[in-house]
Structures are given as C-alpha cells and as structure tokens.
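One structure below.
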Amino acid sequence: MATEAHCAYCFETLAASLEKRPALTLAEVELWWKKYNTDDDDATGPDPADPADLEPSDEDMDDDDVPPPPPAVVSPEATLDPRPAAISRLLAPSLSSASSSSVQSTASSTPSRGASEAKSPLFVTWNTIGRSGGGGGEKRLRGCIGTFEAQELDDGLRSYALTSAFDDTRFSPIRLSELPTLECGVTLLTNFEPIDAPLDWHIGVHGLRISFAYHGRRYGSTYLPDVAKEQGWSKEETMVSLMRKAGWNGRRDDWRKIDVSVVRYQGRQVRLGYAEWREWRGWVEEEERARYGRQGGESL
C-alpha cells in the first residue's frame with residue numbers, strides 16, 4: 001500500500017527538478033522518513049556511501065503489499081512515447097494524449113504473475129490547497145496521471161510525479177512558486193477483478209476501469225477509488241460520468257443498453273502536504289550537516 005514516504009519522495013522529486021538539484025532516492029527517503037518518525041534517539045540515518053544501508057530488510061517486506069498484475073493498457077500513441085503508458089485520472093476525452101484515460105482504442109493482455117514486491121500500478125495526484133483564515137482551504141486538482149502497468153516504485157513514482165506535474169494537458173506545468181500550495185497523493189493499485197454486473201462494486205472501496213464499443217468506436221476510462229465518494233455520486237451516476245468521460249454522448253438513461261466491460265480495483269490514496277514535507281526535508285538537511293560535521297571532526 002502507499003505510504004507518506006512515497007508522497008515525500010514525489011515532493012522530493014518535483015522540488016529537485018524545479019530547483020535544478022540532485023534528488024534523494026526512494027530508499028534514502030524511506031530510511032530518513034522512518035528515522036524522522038521514530039522515538040529511538042540512537043537511530044541513524046542512511047549513509048549514501050554504504051549501499052547496504054539502502055537495501056530494505058526482510059522485516060520491511062509485507063506479502064499483503066504485493067498486487068496481482070493487472071491487464072496491460074496499450075494506447076494508440078504508445079509506440080511514439082518513450083515513457084510508460086500513462087493514463088490520467090479525470091482527463092476530458094482526448095485522442096492525442098497518451099496520458100488520457102479516455103482511450104478510443106485499447107488492446108489488453110495479461111502478463112505473467114511474477115510481479116515482485118517492488119512493483120505496482122500507480123497514480124500520482126497533485127492538488128492545490130487554497131489559503132483560508134479558518135485554517136482550511138479549498139482543494140483543487142492540479143494534475144493526476146498514472147499507469148496500470150506495474151512499475152518499480154523508485155522509477156515509477158519519480159516518473160509519474162513529474163509527468164502529472166508537467167504533462168497533464170488540462171493544466172499548465174507546475175511552477176516552483178506553487179510548491180507551498182501543493183498536496184501530493186499516491187495510490188498503489190491492487191486486486192483487479194472483472195465483474196459481470198456494472199454496479200457490483202462499493203463506493204469508497206473500488207476504483208473502476210471501463211471499456212465499451214459505441215457506433216463502431218472503442219472507448220475507455222477510469223476513476224480511482226476515492227472519486228465517487230468525494231463527488232457524492234451514486235453508483236449509477238458514477239457509471240454515467242465514467243462513460244461521459246470516455247466520450248460517450250448518448251442519452252443518460254441509455255447507459256444500461258451499452259455492453260460495458262468493467263474491472264474493479266482497489267487502492268487507498270495516501271496524502272502529504274507541502275508543510276509536512278518541508279519540515280521533514282529541513283530536518284534531513286540538519287541531520288546530514290551534523291553527520292558530515294562529525295565525520296570531518298573525526299578526520300582531523
């Protein structure tokens with residue numbers, strides 16, 4: 001399942017890209033995050049010079065975190081785009097973007113069930129949080145792109161943190177000045193199940209991936225598990241919205257007449273705000289200065 005450390009890594013990746021500096025690796029972020037959140041004063045941070053410090057221990061591995069490999073999605077533009085096949089969460093129908101979840105023509109295949117614990121289909125979401133005198137703020141989507149192809153988390157989170165920040169065609173690229181307004185959400189997708197009845201799923205539990213033919217054309221789209229609940233939709237409203245998102249323009253009441261293939265899946269989104277990441281990042285910088293200061297003193 002996704003963790004706050006995954007979100008911190010996405011923030012680290014985006015900030016490093018905007019600030020033109022090297023970024024910490026996922027392994028480094030996870031170890032620093034663990035130390036930051038532990039009460040053990042004797043815990044030590046990761047040593048970038050020691051590869052052994054960056055290897056996860058057997059105790060860190062959880063068999064429940066291993067997702068079954070889902071069917072692959074191949075977009076019409078896949079052969080033209082060197083990035084992994086991407087799919088956007090709430091994109092309007094588009095035929096030109098490989099990141100769009102509204103795919104006019106798709107082909108599916110089932111990979112072997114050999115996905116490792118280090119791989120998962122994933123989505124990275126960027127929201128902006130508006131300022132409010134009451135301590136809260138309006139949340140607005142700023143970018144969300146992911147993939148149904150199982151990704152190694154280091155590469156996948158890094159790739160889609162940047163893709164969702166810079167290449168979501170609904171928005172302009174995120175700027176450095178926007179960092180303090182951002183919230184990051186990471187969703188790792190699991191438990192893909194084809195269902196016979198289009199309403200055989202639970203709001204707030206399942207995401208949906210649909211495909212169907214209409215007037216000789218193929219359509220498809222997806223919603224993550226949190227979308228229907230956040231929007232306050234019923235199951236039927238969610239299905240109609242998904243079909244509209246895919247590009248279907250038929251009468252609302254006719255949606256049941258369409259032969260829609262539905263795959264339900266699960267994945268809990270974990271979120272982290274900029275202030276939390278910045279506080280952690282400042283602590284990491286202090287720890288690194290203290291450690292290298294000690295090493296320098298010992299060498300004198």
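For the reader, a short list of remarks on this structure follows.
- Net lengthening on full extension, residue 20/residue 175 (0.36 nm per residue, minus Cα-Cα): 54.5 nm
- Cross-link partners of residue 245 among lysines, defined as those whose alpha carbon lies under 25 angstrom from its own and excluding same-chain residues fewer than eight positions apart: 139, 229, 235, 257.
- Using the Cβ-Cβ distance between residue 197 and residue 139 with R0 set to 35 Å, the FRET efficiency works out to roughly 0.60.
- Among the trypsin sites (Lys or Arg not before Pro) within the range 198-264, those in coil by DSSP and having at most 14 neighbouring Cβ atoms inside 10 Å are 251.
- Accessible-area composition of the range 143-185, carbon plus sulfur, in percent [1.4 Å probe]: 53 percent
- Intensity falloff of the range 116-268 expressed as log10 I(q)/I(0), Debye formula with alpha-carbon point scatterers, at q = 0.14, 0.20, 0.21 Å⁻¹: -0.79, -1.29, -1.35
- Carbon and sulfur %, accessible surface of the range 201-300 computed with the full protein complex present, 1.4 Å: 45 percent
- Per residue accessible area in Å² of the range 132-250, where ligands, DNA and RNA are left out and the probe is 1.4 Å: 43 Å²
- Annotation for residue 276 and residue 229: the two label points, set 7 Å from Cα along the Cα-Cβ direction, are 1.6 nm apart.
The values are calculated or read from the model by the stated rules, or taken from the named source; none is laboratory data. Just so it is clear, the model here is predicted, and its values are computed rather than measured. Glycine gets a Cβ as well: all are built from the backbone with ideal geometry, and neighbour counts include every protein chain shown. Keep in mind that these areas ignore ligands, DNA and RNA; they rest on the heavy atoms of the full protein, side chains included. Shrake-Rupley method; radii C 1.70, N 1.55, O 1.52, S 1.80 Å.
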